[in-house]
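Report on the structure given below.
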Amino acid sequence: MQLIDLTGRAQDRWAHVGDEDPIPAEGPVIVPAARLFEVAEGRETGIHVGNDTDPEDLVPLFDRLQLVSVAFPSFADGRGFSIGRKLRALGFDGTLRASGPVIADQFAYLIACGFDEVCIPDALAERQPPEQWEAARRLISAGYQRGLGAGRSILDARTGR
Amino acid sequence: MAKAFAPIVITANDLVEGDSVFLGPEGWTRDIRMARVARTAEEATALDASGAQGETQNLVVGPYRVEVSLETGAPVPVLRREQIRASGVPTIPVGPAAIEAAREAA
Amino acid sequence: MYRYDEFDHRFVQERVAEFRSQVTRRLDGSLNENEFKPLRLMNGLYLQLHAYMLRVAIPYGTLDSARMRMLAHIAEKWDRGYGHFTTRQNIQFNWPKLSDVPDILDALASVEMHAIQTSGNCIRNTTSDPYAGVAADEVEDPRITAELIRQWSSLHPEFTFLGRKFKIAVTGSAEDRTALKVHDIGIQIVRNTAGETGYRVLVGGGLGRTPMIAKELRAFLPREDLLPYLEAALRVYNLHGRRDNKYKARIKILVHEIGIEEYARQVEAEFAALDRDAIAAPVEEVARIAAYFAPPKLAARPAESTAFERARQVDPGFAAWASQNTFPHRVPGYVAATISLKPIGGAPGDATAEQMRAMADLAEKYSRDELRVTHEQNVVLPHVALDDLHSVYRGLAGVGLDAPNKGLVTDIVACPGLDYCALATARSIPVAQNIARRFGSTARQKEIGPLSIKISGCINACGHHHVGHIGILGLDKAGVESYQITLGGDATETAALGDRTGPGFGYDEVADVIEKLVDRYIELREVPQETFLQTYRRVGMEPFKEAIYATH
Ligand code: SF4
């Protein structure tokens with residue numbers, strides 16, 4: 001997997017732990033939501049959630065989480081966009097990561113929905129290097145919607161807000 | 001007993017032009033009469049592979065098999081849909097030509 | 001009519017640049033077909049049987065002459081000299097090359113048009129009433145709301161990868177000319193008892209494999225809550241709509257499976273949690289859009305026109321056309337004139353570049369530079385003075401657009417079907433042509449009265465066959481085209497889905513079957529004014545069934 005954020009290709013400092021893997025003794029770690037209890041409090045912690053998760057269920061965990069990774073099983077399955085927006089609306093202010101085969105052309109939408117970074121399969125990263133992500137992100141300078149976390153709203157610009 | 005293998009050709013749409021093309025002996029052709037015909041399952045599998053190559057080389061989109069009849073010698077699709085596709089045009093006059101046709105009929 | 005400001009211009013230009021980059025990356029292999037497909041679809045580009053097809057948005061069906069002329073130019077320069085107006089008030093070009101599409105989009109952008117979201121699993125072009133600003137029973141011009149939704153839905157970051165396509169229609173009148181009840185969301189502008197203008201919101205209508213009539217989600221929504229409420233409604237759908245089966249992914253299935261009450265409860269909960277002020281359009285913005293749809297200043301004219309009366313006396317063709325193809329205007333002395341794109345034997349909804357230019361010229365000269373596309377695949381000149389009507393008619397007759405058949409048996413809606421469409425199971429255009437030829441005589445059509453025939457070439461129902469008074473669905477039965485007939489469908493405020501008559505008919509039998517149905521209706525009707533639909537509702541299926549299945 002390759003990590004891409006607003007600065008381009010980034011180093012992933014987080015250890016990804018699957019359902020069966022042992023949890024490393026130290027360092028930042030992303031675990032499946034169900035294994036959160038296995039991680040000591042106070043440690044840098046992230047959870048990975050499926051896109052059928054109800055964001056409201058995560059609210060009690062916000063204090064413990066520095067990162068939430070939302071699964072995108074395919075770029076065409078857009079549930080994660082709504083999950084990202086809801087998590088931000090509910091007050092999550094840690095790192096929001098989209099994990100899965102999302103594509104460069106979705107980068108701007110992901111950021112608008114509150115995501116900070118994407119973690120994509122290697123083969124995809126090879127075809128779509130960070131420059132393409134950066135270019136795709138910059139292509140649309142402003143959208144019509146209001147109330148999004150990032151980006152400029154045309155409606156606000158028009159009325160001088 | 002296994003059913004007799006129905007002959008097939010490989011078709012796809014040209015990536016740039018979008019029109020129907022058929023896998024011929026030397027690359028893709030617009031003319032189904034020039035298409036390579038697979039008469040056995042093995043030949044068909046080999047053709048599938050060449051068809052898939054056309055897709056990975058970004059020449060065509062969505063290659064698939066079309067069953068053909070060889071009664072007249074040249075391959076003719078069995079299904080109406082594929083007959084219409086192979087013809088390259090709708091079954092009725094369209095556009096400015098259709099208006100001309102209607103004027104003449106009147 | 002709405003005009004782009006600098007922001008709209010930049011938005012569309014950036015979108016074209018984005019698509020140009022996507023096409024380049026597709027051709028060099030950075031994007032594979034699997035990834036490119038949803039991106040091209042979101043720019044209206046399909047791959048059909050014979051070629052790519054580009055669907056251009058005509059927001060809420062409104063056009064001016066410059067835009068219509070550009071469509072003609074595109075048809076000539078990059079296509080084969082014609083285009084096809086669709087049941088979603090859009091236009092389709094059937095023969096563009098992938099490499100030309102960015103240039104076509106540039107040309108469209110120069111006249112404030114685009115192809116954004118005319119396909120794909122996103123919010124599609126919002127449709128509206130072709131008589132907006134004309135109809136006397138209108139609460140408010142629905143295009144103000146439709147334009148607001150057009151902007152809000154354009155590249156909405158959260159709702160661009162939905163489970164399935166999402167269609168919204170807006171009407172400002174109680175008499176529905178938008179097929180509101182077969183949309184994912186239907187919005188009717190209403191006034192509440194306090195006299196405030198707001199919205200009645202319907203949800204979960206749709207055609208296709210599982211046709212359904214929409215249900216009421218909200219009886220009255222204050223107008224300032226429109227966009228936050230739509231966000232809530234779409235979010236519940238995006239999160240909970242089915243993703244496991246393409247045929248069950250529309251919102252109608254979600255609403256059906258969890259029930260309208262539960263869906264409404266979830267939407268209201270989501271809505272209550274939203275920061276509405278942060279999402280709603282500012283009042284200044286709504287006012288800015290509304291100003292573009294201020295009614296044109298039509299000079300007062302006498303309700304009767306001597307020029308019109310005289311022309312009717314001397315030109316019977318005109319008299320027939322004028323009585324059939326006009327709609328009353330709220331301003332005396334004016335009418336809205338329907339240009340039928342259904343000449344006998346033509347392809348329903350098709351127009352050549354020459355015809356488009358003729359329509360543009362007439363709009364410029366006689367209709368305040370405005371045209372509307374209807375979901376019946378016709379074009380309307382909304383503001384024509386009675387005094388000018390004969391000139392309009394002669395202009396139309398010169399290019400073969402004078403068919404006096406609006407709303408009659410030959411005003412057939414038909415999707416492209418197997419002549420073009422990659423998803424089709426049977427042809428629809430030639431079926432429409434055969435029926436139209438059968439009923440070619442104007443006198444016979446008049447005698448039959450209002451009758452809508454709608455034909456789809458597959459279960460996807462782009463031809464809206466479920467809501468045709470007579471619906472025809474083309475299927476494939478073991479390699480042979482077979483046509484299923486439905487009766488009693490209705491797309492208006494009394495919406496109903498047609499009932500199947502029984503087993504389907506062969507391609508060559510359809511015109512005969514339709515004729516038998518029509519003959520039976522004529523026998524059955526109590527008075528000539530009783531329409532086909534009224535008769536069907538009174539007598540039911542049996543006598544019609546008997547007419548087409550009885551062995552003689
Ligand atoms: S109804 Fe079917 S055949 Fe007709 S245009 Fe739609 S998808 Fe194509």
Q) What single numbered condition from (1) more than 30 Å from residue C:33 (Cα to Cα); (2) within 14 Å of another protein chain (Cβ to nearest Cβ) fails to hold for residue A:75? A) (1)
**Q.** Residues (open to solvent by 40 Å² or more (accessible area, probe 1.4 Å) and facing chain C (nearest Cβ under 8 Å)) located in the stretch B:76-98
**A.** B:78, B:79, B:80, B:81, B:89, B:91, B:96
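I'd like to check something: does the stretch C:327-338 contain any residue that is among the basic types (Lys, Arg), more than 16 Å from the ligand (Cβ to nearest atom) and either open to solvent by 30 Å² or more (accessible area, probe 1.4 Å) or over 24 Å from residue C:57 (Cα atoms) (or both)? Break it down stepwise before answering.
First, the residues of the stretch C:327-338 that are among the basic types (Lys, Arg): C:330.
Cutting the leftovers down to more than 16 Å from the ligand (Cβ to nearest atom) gives us C:330.
Restricting the remaining residues to those that are either open to solvent by 30 Å² or more (accessible area, probe 1.4 Å) or over 24 Å from residue C:57 (Cα atoms) (or both) gives C:330.
The answer is yes, given that some residue of the stretch C:327-338 is among the basic types (Lys, Arg), more than 16 Å from the ligand (Cβ to nearest atom) and either open to solvent by 30 Å² or more (accessible area, probe 1.4 Å) or over 24 Å from residue C:57 (Cα atoms) (or both).
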Q. Can you name every residue in the stretch B:18-59 that is more than 20 Å from residue B:78 (Cα to Cα), surrounded by fewer than 19 Cβ atoms within 10 Å (Cβ to Cβ) and either of a type in the set (Phe, Trp, Tyr) or within 14 Å of chain C (Cβ to nearest Cβ) (or both)?
A. B:52, B:53, B:55, B:56, B:57, B:58, B:59
Q.
Between C:55, C:67, C:80, which is assigned to a helix (DSSP H, G or I) and either in contact with a Leu (Cβ under 9 Å, 6 or more places away or on another chain) or not assigned by TED's automatic domain parsing to the domain that holds residue C:156 (or both)?
A. C:67
Q: Those residues that are over 30 Å from residue C:282 (Cα atoms), aliphatic (A, V, I, L, M) and either in a loop (DSSP other than H, G, I, E, B) or touching a His at 6+ places or on another chain (Cβ under 6 Å) (or both), I need them from the stretch C:199-223; list them, please.
A: C:207, C:213
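Sort through C:224, C:216, C:138 and tell me the only one that's open to solvent by 10 Å² or more (accessible area, probe 1.4 Å) and either farther than 29 Å from residue C:262 by Cβ or of a type in the set (Phe, Trp, Tyr) (or both). Don't jump to the end; show me each part of the working.
Details: C:224 fails: either farther than 29 Å from residue C:262 by Cβ or of a type in the set (Phe, Trp, Tyr) (or both); C:216 fails: either farther than 29 Å from residue C:262 by Cβ or of a type in the set (Phe, Trp, Tyr) (or both).
Sole residue among the options that is open to solvent by 10 Å² or more (accessible area, probe 1.4 Å) and either farther than 29 Å from residue C:262 by Cβ or of a type in the set (Phe, Trp, Tyr) (or both): C:138.
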Q: Filter the stretch C:395-433 down to residues that are closer than 13 Å to residue C:451 by Cα and aliphatic (A, V, I, L, M) and give me whichever is nearest to the ligand (Cβ to nearest atom).
A: C:413
Q. Are any of the residues in the stretch C:406-423 in contact (Cβ under 8 Å) with a residue 12 or more places away in the chain, basic (Lys, Arg) and touching a Gly at 6+ places or on another chain (Cβ under 6 Å)?
A. no
(Q) So residue C:485 passes all but one of these: (1) within 25 Å of residue C:320 (Cα to Cα); (2) open to solvent by less than 20 Å² (accessible area, probe 1.4 Å). Which condition number does it fail? (A) (1)
(Q) Yes or no: the stretch C:30-39 includes at least one residue that is of a type in the set (S, T, N, Q), at the interface with another protein chain (Cβ under 7 Å from one of its Cβ atoms) and free of Cβ contacts under 8 Å to residues at least 24 places away in the same chain. (A) yes
Q.
Regarding the stretch B:31-45, can at least one residue be identified that is in a helix (DSSP H, G or I) and under 30 Å from residue C:350 (Cα atoms)?
A. yes
Q. How about the stretch A:109-153: which of its residues are touching a Phe, Trp or Tyr at 6+ places or on another chain (Cβ under 6 Å), surrounded by fewer than 22 Cβ atoms within 10 Å (Cβ to Cβ) and of a type in the set (A, V, I, L, M, F, W, C)?
A. A:136
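The values are calculated or read from the model by the stated rules, or taken from the named source; none is laboratory data. The shown structure was predicted, so the numbers you read here are calculated from the model rather than taken from an experiment. Cβ sites come from the backbone with ideal geometry, for glycine too, and all protein chains shown count toward neighbours. Ligands, DNA and RNA are stripped out before the accessible areas are found, and what is left, the full protein with its side chains, is counted by its heavy atoms. Shrake-Rupley method; radii C 1.70, N 1.55, O 1.52, S 1.80 Å.
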